[in-house]
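The values are calculated or read from the model by the stated rules, or taken from the named source; none is laboratory data. None of these values were measured; they are calculated from a predicted model. Virtual Cβ from ideal backbone geometry, glycine too; neighbours counted across all protein chains shown. When the accessible area is computed, the model is the full protein with side chains, heavy atoms only, and any ligands, DNA or RNA have been set aside. Shrake-Rupley method; radii C 1.70, N 1.55, O 1.52, S 1.80 Å.
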Amino acid sequence: MLPSSHVVPIKKAGPVRINDPRLLADAFSEFIAASELLEASYRELQQKVAHLSVELADRNAALTRSLQENDRMRAALQQMLDSMPCGILVLNHAEQIVMINPEGRRLLELGKAKVRNLRDLARVSRVDFEGLAKGTHDQLDSELCVQSGGEKRWLAIGNRKLFSSPVAQGPLDPTTHLESIWILRDITASKQAEQEREAARHAAALAEISTILAHEIRNPLASLELFAGLIEQDLGQSSQWVSHLRAGIRTLSGTVNNVLSLNSESKVRLTPINLAACVESGVAFVQPIVEQSGLVLSFDAAPDTPAIEGNEDAIRQVVLNVVRNAIRHTPAGGTVRVSTGRSVVKSKEFAIVEIQDTGCGIPENLIAHIFDAGFSATGETPGLGLAVSSRLMAQHGGSIHVTSRIQEGSTFQLEFPAL
């Protein structure tokens, strides 16, 4: 078909006279013009066909290269998955297993068993994959312990839901057409290392407690031996030696109670008690220890001291520990003052016990650590008393605080919710 621009107009005429030379010349000229146009159109069509053939060949070559590159990438990806040190499991939207790499088979001990879905996988591997699949779409690692040849192995299993585009299934909603990838790791070695570190921490803590106990018990035992020898010699001061013996025995008793309180996981039993009377009995208990150290101990109970829900033995233990801490940091001739009272904070009533000394004081940067087990503000003999006291106060629903000034002394305040 000729282009519209090359249409040869046909003139209307009367009867053609064959013997008219002009008409024959015009007709021949029109025929020649039409032939030239047809030839030009044919050449142009040939050029376009040749150009399209080249373009189609280039596209086919590019498509072939792309397919070959995809095949190489797929093979490289498969090789990478097969060589990964963790197990890889891929499921389609119907929770059917699309791929599982060799490490995944090894970790789950599948051998050559054929597994098509999570149910088959759970049956063969004895791992509840169906239960794990009911978790969130982005589930963190779940640590599972499995039996393997009489030994325990730990696996970390995590999964992630992925969006996938439908191919052969037709136009599905992409929010429901999901695939999930599962990652399986053998964490047995890290678990064993963690257990070994925990055992080492326990051993270190035990060694530290043993060291603290040795320091806590050594001095009272030496004093007991000395005063026992003096009583044996009976130099006329037996009553004084007995008082010192009593102080040493009570010191040892407090140390033993601290260890028992520190290692016990049970909470103290609370009953309604008279706090002022309880603290007064604690002061009387610690009196021989204070006198042995050359200090003056005083006690003052405010009439409005509220009753509390508490444990008398535990509160006496707290008083003993805090007073012994004051003795340790107060030079001979100093004073330790114990008092009880009442305070109201934000319409809540509290019973207060204050233990004030005239010792060396505590540096401000160390106050936050004095309730840690084994800590010593002076760097000398560590103790358990303040750590145990903080724990016992927490079990009473109360708290223990300290304010201190260097070379002036410290004040420990025990705060109990009023009954």
Leu23 to Glu36: extension gain in nm, 0.36 nm per residue of separation minus the Cα-Cα distance?
2.7 nm
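Take His401, His396 and sort them by solvent-accessible surface of the protein heavy atoms, 1.4 Å probe, largest at the top. Can you show the working numbers first?
Working: His401 90, His396 15 Å².
Putting His401, His396 in descending order of accessible area: His401, His396.
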Excluding ligands and nucleic acids, what accessible area in Å² is computed for Leu392 using a 1.4 Å probe, to the nearest 10?
10
Across 10 Å bins beginning at 0, the whole-percent shares of Cα-Cα pair distances in segment 271-419 come to 12, 44, 35, 9, 0
FRET efficiency estimate (nearest 0.05) - Cβ-Cβ, Asp372 to Leu270, R0 30 angstrom:
0.70
For segment 268-380, with only Lys/Arg (+1) and Asp/Glu (-1) charged at the beta-carbon, what is the dipole magnitude about the Cα centre, in debye rounded to 20?
100
Output the antiparallel fraction of DSSP beta bridges having both residues in segment 273-419, as a percent to the nearest 5.
80
Give me a comma-separated list of calculated 3J(HN,Hα) values for segment 361-369, in order, Karplus coefficients 6.51, -1.76, 1.60 applied at θ = phi - 60°, integers in Hz, x for any Gly or Pro.
x, 10, x, 4, 6, 9, 4, 5, 10
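Computed FRET efficiency, Cβ-Cβ of Asn92 and Val54, R0 60 Å: what is it to the nearest 0.05?
On the way: r = 42 Å, r/R0 = 0.70.
The pair Asn92/Val54 has a calculated efficiency of 0.90.
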Any idea of Leu77's accessible area? Nearest 10 Å², probe 1.4 Å.
90
Could you list which residues have their amide H under 5 Å from that of Ala301, counting only those 5 or more apart in sequence or on another chain, with H placed in the peptide plane?
Thr340
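If I stretch the segment between Gln68 and His401 completely, what's the gain in nm (0.36 nm per residue apart, minus their alpha carbon distance), one decimal? Can you show the working numbers first?
Values: separation 333, 0.36 × 333 = 119.88 nm, distance 7.48 nm.
Working it through step by step, the gained length comes to 112.4 nm.
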Counting other Cβ atoms within 10 Å, keep those with at most 14, restrict to DSSP loop, and tell me which trypsin sites (Lys or Arg not before Pro) in segment 67-162 are left.
Lys112, Lys114, Arg116, Arg126, Lys134
Ordered by residue, what ³J(HN,Hα) values in Hz, to whole numbers, does segment 196-204 give under the Karplus form 6.51 cos²θ - 1.76 cosθ + 1.60, where θ = phi - 60° and Gly and Pro are x?
5, 5, 5, 5, 5, 5, 4, 5, 5
Amide H contacts under 5 Å for Val336, restricted to residues at least 5 apart in sequence or on another chain and with H modeled in the peptide plane, are Val296, Leu297, Ser298
In bins 10 Å wide, starting from 0, what share of all Cα pairs of segment 265-344 does each bin hold, as a percent?
18, 46, 28, 8
For segment 23-39, in order, what is each residue's ³J(HN,Hα) by Karplus, 6.51 cos²θ - 1.76 cosθ + 1.60 with θ = phi - 60°, in whole Hz (x at glycine and Pro)?
5, 5, 5, 5, 4, 5, 4, 5, 5, 4, 5, 5, 5, 5, 5, 4, 5
